[in-house]
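The values are calculated or read from the model by the stated rules, or taken from the named source; none is laboratory data. In this text the structure is predicted, and so the values were computed from the model without any measurement. Glycine also receives a Cβ, built like all others from the backbone with ideal geometry; neighbour counts cover every protein chain displayed. SASA here: full protein model, heavy atoms, side chains in, ligands and nucleic acids out. Shrake-Rupley method; radii C 1.70, N 1.55, O 1.52, S 1.80 Å.
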Amino acid sequence: QVHLVESGGGLVQPGGSLRLSCAVSGDISSINFMTWFRQAPGKERELVATITRDGHTNYADSVKGRFALSRDNAKNTVYLQMSSLKPEDTAVYYCFVDTFLGNSWGQGTQVTVSS
């Protein structure tokens, strides 16, 4: 029922920052929660962070204290602010939304952390 478009990925040096965006269209009133996943080459998909409809957030231990979720309801957009980036954060990042009518995935955005 909803469509997701991701942006904000790129190349950054270790210790740097990036902000990913996930813009949502469709029946946003049906959203239960939104989650960021990531997948590095040769590895399984990993849950990074989740934000619920009421704004509560949860983070994987590997990113806790460095990543922060936020949302702008007027723009129908959720953000993942990534700070103190490490080479092991390199992955394709995907936005995922769970609604009461179905699930949707973003197209993915590449984040590369390298000096």
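State whether the residues of segment 46-69 include one that is closer than 18 Å to residue 108 by Cβ, without any contact (Cβ under 8 Å) to a residue 24 or more places away in the chain and open to solvent by 60 Å² or more (accessible area, probe 1.4 Å). Yes, that holds for at least one residue.
Applying the condition of being open to solvent by less than 20 Å² (accessible area, probe 1.4 Å) and of a type in the set (A, V, I, L, M) to segment 15-30 and asking which residue is modelled with the lowest pLDDT yields 24. Scanning segment 70-104 for residues being over 28 Å from residue 14 (Cα atoms), touching a residue at least 40 places away in the same chain (Cβ under 8 Å) and open to solvent by 30 Å² or more (accessible area, probe 1.4 Å) gives a total of 5. When the criteria are applied in full, residue 12 fails the requirement of being of a type in the set (A, V, I, L, M, F, W, C), open to solvent by less than 80 Å² (accessible area, probe 1.4 Å) and modelled with pLDDT under 95.
Can you find a residue in segment 69-77 that is over 20 Å from residue 30 (Cα atoms) and small (Gly, Ala, Ser)? It would help to see each step written out before you state the result.
So in segment 69-77, the residues over 20 Å from residue 30 (Cα atoms) come out as none.
Checked against the condition, which is being over 20 Å from residue 30 (Cα atoms) and small (Gly, Ala, Ser), segment 69-77 yields no hits at all.
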